[in-house]
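Undergrad: Before anything else, here's the structure in question.
Since every read-out is calculated from the coordinates, none of them should be taken as a lab result. Everything numeric in this text was worked out from a predicted model, so none of it was measured. Because the Cβ atoms are built from the backbone with ideal geometry, glycine has one as well, and the counts that use them run over all protein chains shown.
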Amino acid sequence: MEGPHTIAAIMVEGITGSNGLLVPPDDYYPKLRALCDKYGILLIDDEVMAGFGRTGKWLATQHFGIKPDIVTCAKGLTSGYMPLGAVIVSDKIAKYFETNMLWGGLTYSGHPVCCAAAVANLRIYEEEKVFENVEKQGRYLSSRLEALKKKYACVGDVRYKGLFSVLELVKDKVTREPLAPFNGTSPEMGKLAAHLKSKHLYAFSRFNMLWVCPPLIINEEELRQGLDIVEEALQVVDTALGKSSVAQPREPVAAR
Amino acid sequence: MDAKSLKVVQENRDYTMFSWSVQGASNPIQMKRGQGVWFWDGDDQRWLDFSSQLINLNVGHQHPKMLEAIKKQVDELCFAGPGFATEPRGALGKKLSEVTGLAKTFFTLGGSEANENAIKMARLATGREKIITRYRSYHGATMGSMTASGDPRRWAVDPGVPGMFACSILIVTVARLARRLKRAIANVSATLKK
């Protein structure tokens with residue numbers, strides 16, 4: 001069984017989260033949407049991490065002007081106050097299940113306390129203009145991240161959308177050799193994490209990456225405090241690598 | 001850490017399992033309370049949360065409107081089976097249609113379950129079997145959603161659920177390809193000149 005007519009769906013994260021915050025180029029989603037439409041393949045948009053304001057919009061794919069056939073979400077739906085996930089389907093799929101059995105169920109599907117928490121959470125996003133704050137703080141965050149990339153030898157790349165961001169750490173800015181191997185860690189990454197912990201900054205790191213994804217209600221002063229600690233930790237890494245932080249490295253040969 | 005906090009951590013370590021951890025190496029921080037972007041540990045030390053816990057605590061800790069809404073619903077009705085209609089369920093479904101532009105919602109308890117059900121619904125609605133996902137992706141830790149993930153965490157469930165393929169979905173336009181080639185050629189000639 002080969003060929004596009006055997007494919008039910010293409011499932012993608014709106015913006016890839018825990019594998020390195022990969023923000024697609026602007027034409028990626030329109031082209032993926034067109035590809036799916038051409039072959040009758042459903043586009044499933046996993047917005048579990050990126051969804052509901054993290055990037056400044058309800059869904060990350062809304063930045064790219066496309067509509068998926070199915071959206072899945074969870075985390076940003078209730079902010080975690082109660083456990084809840086959702087599968088949101090297009091009119092066409094909803095119509096299919098009007099006359100066909102939905103072979104699935106969960107005892108806690110539609111749990112009233114979870115749903116009430118989600119209703120309140122979505123209302124807070126609107127009433128308190130949380131997404132506007134994401135855009136505002138996101139601008140400050142991105143300017144700081146770009147400055148860190150210029151200043152510290154160990155920062156190979158920074159990627160961000162709203163308050164969804166990552167620093168990719170390297171041993172060498174030119175070769176982009178990762179500070180820790182894929183699916184591994186290194187003494188330098190250990191030092192980075194230990195420094196953040198010693199300063200009581202709770203942050204997620206994996207392989208050679210450090211995520212900066214604070215609550216969406218953060219203010220600039222709080223963001224500044226945390227980023228100052230991140231900056232100290234980067235200095236620790238540069239020192240461990242024997243690199244000078246202020247040196248301006250030449251651009252990698254194969255500039256992207 | 002005081003004796004009470006030590007006991008809390010010890011009980012957690014002795015009687016519960018921590019996700020994605022070699023259990024003997026897990027070293028949990030006790031969380032006693034939280035407020036906004038901050039939380040306090042067993043030593044009453046304040047931490048700044050730069051990862052929203054697991055990138056989920058969007059409105060921060062202990063938002064008063066969240067506490068109020070949950071308490072109100074708890075007082076009114078804590079549980080109804082999945083076949084019943086309730087006020088918050090309908091209101092949420094309507095709101096989700098409004099903000100996504102889609103039609104209807106099926107509720108689960110988390111992201112993994114949502115993806116499992118999305119895959120099942122896509123197969124039912126199309127009558128097709130294959131699910132294509134991306135290399136370097138994560139869709140959840142249950143058998144199906146983990147199989148769909150392009151992540152080393154999948155290896156623990158391999159061979160997993162049949163019919164799912166994590167691969168590179170590259171969409172490169174001819175124009176972009178031409179730009180890249182041009183840049184590569186320029187780089188090579190610049191290097192040769194040196």
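Undergrad: With a sphere of radius 12 Å drawn around the Cβ of B:Trp20, what net charge do the other residues whose Cβ falls strictly inside it have (Lys, Arg +1; Asp, Glu -1)?
TA: Result for the local shell: +1.
Undergrad: Just for the Cα atoms in the protein assembly as shown, what are the lengths along the principal axes, largest first, rounded to whole Å?
TA: Per principal axis, max minus min of the Cα coordinates gives 71, 63, 42 Å.
Undergrad: Now for a separate question. Which ordering of A:Thr72, A:Thr61 is given by a fewest-first count of other beta-carbon atoms within 10 Å?
TA: A:Thr61, A:Thr72
Undergrad: List nothing, just return the count: lysine pairs in the stretch A:107-185, 8 or more apart or interchain, with Cα separation under 24 Å.
TA: Step by step, the pairs that qualify in the stretch A:107-185 add up to 15.
Undergrad: What's log10 of I(q)/I(0) for the stretch B:63-106 at q = 0.14, 0.26, 0.31, 0.34 Å⁻¹, Debye sum over Cα points only, no solvent?
TA: Log10 I(q)/I(0), no solvent term: -0.43, -0.97, -1.04, -1.09.
Undergrad: If N is the number of residues in the stretch A:56-96, what value comes out of its Cα radius of gyration divided by 2.2 N^0.38 Å?
TA: 1.33
Undergrad: Highest GNM mean-square fluctuation, chain A, Cα pairs closer than 10 Å: which of A:Ala118, A:Ala147, A:Ala180?
TA: Among A:Ala118, A:Ala147, A:Ala180, the largest mean-square fluctuation in the Gaussian network model of chain A belongs to A:Ala147.
Undergrad: Build a GNM of chain A with springs between Cα atoms under 10 Å: which of A:Tyr39, A:Tyr29, A:Tyr125 gets the top mean-square fluctuation?
TA: Among A:Tyr39, A:Tyr29, A:Tyr125, the largest mean-square fluctuation in the Gaussian network model of chain A belongs to A:Tyr39.
Undergrad: Related question: Which is the longest part of chain B that has none of the chymotrypsin sites (Phe, Trp or Tyr not before Pro) sitting in a DSSP loop with at most 16 other Cβ atoms within 10 Å?
TA: B:85-194
Undergrad: For the stretch B:3-55, build the convex hull from the C-alpha positions and give me its volume per residue in Å³.
TA: Convex hull volume per residue, Cα atoms: 90 Å³.
Undergrad: Take the stretch A:36-140, drop everything but the C-alpha atoms, weight them equally and run the Debye formula without solvent; then report log10 I(q)/I(0) at 0.10, 0.23 Å⁻¹ to two decimals.
TA: For the requested q values the scattering log ratios are -0.35, -1.30.
Undergrad: Hey, another quick one. Considering the Cα positions of the stretch B:108-194, please state its Rg to one decimal place and its Dmax as a whole number of Å.
TA: When restricted to Cα atoms, the stretch B:108-194 yields Rg and Dmax of 19.4, 61 Å.
Undergrad: How far apart, in nanometres, would the label points at B:Ala85 and B:Lys7 be if each is projected 7 angstrom from Cα along the Cα-to-Cβ direction?
TA: Label at B:Ala85, label at B:Lys7, 5.0 nm between them.
Undergrad: Calculate, for A:Tyr108 and B:Lys193, the FRET efficiency according to 1/(1 + (r/R0)^6) with r their C-beta to C-beta distance and R0 51 Å; round to the nearest 0.05.
TA: FRET efficiency, A:Tyr108 to B:Lys193: 0.15.
Undergrad: If you take each beta carbon of peptide A:125-138 and count the beta carbons of other chains within 10 angstrom, what is the mean?
TA: Mean shielding count: 1.
Undergrad: Provide the FRET efficiency to the nearest 0.05 for the A:Glu128-B:Leu181 pair, computing r from the beta carbons and using R0 = 51 Å.
TA: 0.55
Undergrad: I'd like the antiparallel share, as a percent to the nearest 5, of DSSP beta bridges with both residues in chain A.
TA: That works out to approximately 70 percent antiparallel.
Undergrad: If you average the sequence gap of Cα pairs under 8 Å that are 6 or more apart and divide by the length of chain B, what percent do you get for the contact order?
TA: Contact order relative to length: 10 percent.
Undergrad: Within chain B, how many Lys pairs that are eight or more residues apart, or on different chains, come under 15 Å at the alpha-carbon?
TA: Pairs that pass both the separation and distance tests number 5.
Undergrad: Right, here's the next one. Hey, if you drop one equal point scatterer on each alpha-carbon of chain B and run the Debye formula without solvent, what base-10 log of I(q)/I(0) do you get at q = 0.12 Å⁻¹?
TA: Reported log10 I(q)/I(0), two decimals: -1.00.
Undergrad: Which value in Å is the Kirkwood Rh of chain A over different Cα pairs?
TA: The Cα-based Kirkwood calculation yields 20.3 Å.
Undergrad: Continuing with this model, one more query. Using every Cα-Cα pair within the stretch A:130-241, state what percent have a distance larger than 18 Å.
TA: That tail contains 45 percent of the Cα-Cα pairs.
Undergrad: I would also like to ask the following. Taking only C-alpha pairs under 8 Å that are 6+ residues apart, what is the relative contact order of the stretch A:4-127 in percent?
TA: Rounded, it is 21 percent for the stretch A:4-127.
Undergrad: Any idea what the relative contact order of the stretch B:1-84 is, in percent, if you count C-alpha pairs under 8 Å spaced at least 6 apart?
TA: That works out to 20 percent.
Undergrad: While we're looking at this one, here's another question. I'd like the mean, over residues of A:18-26, of how many other protein chain beta carbons sit within 10 Å of each residue's own Cβ.
TA: Averaged over the peptide's residues, the number is 3.
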